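Here is the structure we will look at, set down as structure tokens.
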Amino acid sequence: MDEDEVWLQRHGLHPDARGLAEVRELLAEQTRLERGAQGDGYTPLMKLCCVQLFLAGALDDVLLIWRAKTASFDADCSIDIQLLCGAGLQRTKTYLASYGSEEAESALRRLRFCEEAEDFVDFSPEQRSALYAAYYA
């Protein structure tokens, strides 16, 4: 059984508060590994952690997800840009615009670019949540 499957069985898609803290810690560690050398982090597990945080919908997790997404080429391809928007696209853009860091500005630029490229047509957190629930079922 792969690491992501074990993690999913342990926490489910909707971890409780303690589980979410563990998700954040694991994602930060996997991101650190992946930034060190592509392939040192386990991108399927990173994506699952991002999905779990997306489903929780906390704006405080947006930059953590962004760091994971930008850890490597593989992570960028694996972690959907929509995963930054568990609280909704507009709320996420507003949050990033008000955050005041270069990292937040970079994430905001990418969101705007992807929005212009129509990657967010018919997007809603609810619709995306159903998609991930079906994927991980």
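Per-structure values
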{"item": "Residue match in region 81-98 (condition: closer than 23 Å to E3 by Cα and of a type in the set (V, I, T))", "result": "yes"}
{"item": "Close pairs from region 112-131: first among the small types (G, A, S), partner in a helix (DSSP H, G or I), Cβ under 7 Å, at least 6 apart", "result": "S129/L55"}
{"item": "Verdict on Y99 being open to solvent by less than 70 Å² (accessible area, probe 1.4 Å) and either over 24 Å from P15 (Cβ atoms) or in contact (Cβ under 8 Å) with a residue 12 or more places away in the chain (or both)", "result": "no"}
{"item": "Test for A137: is it of a type in the set (A, V, I, L, M, F, W, C), under 22 Å from D2 (Cα atoms) and not in a helix (DSSP H, G or I)", "result": "yes"}
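The values are calculated or read from the model by the stated rules, or taken from the named source; none is laboratory data. Owing to the predicted nature of the structure, the values given are computational and were not obtained by experimental measurement. Glycine gets a Cβ as well: all are built from the backbone with ideal geometry, and neighbour counts include every protein chain shown. Remember, those area values only see protein heavy atoms, side chains included, never the ligands or the DNA or RNA. Shrake-Rupley method; radii C 1.70, N 1.55, O 1.52, S 1.80 Å.
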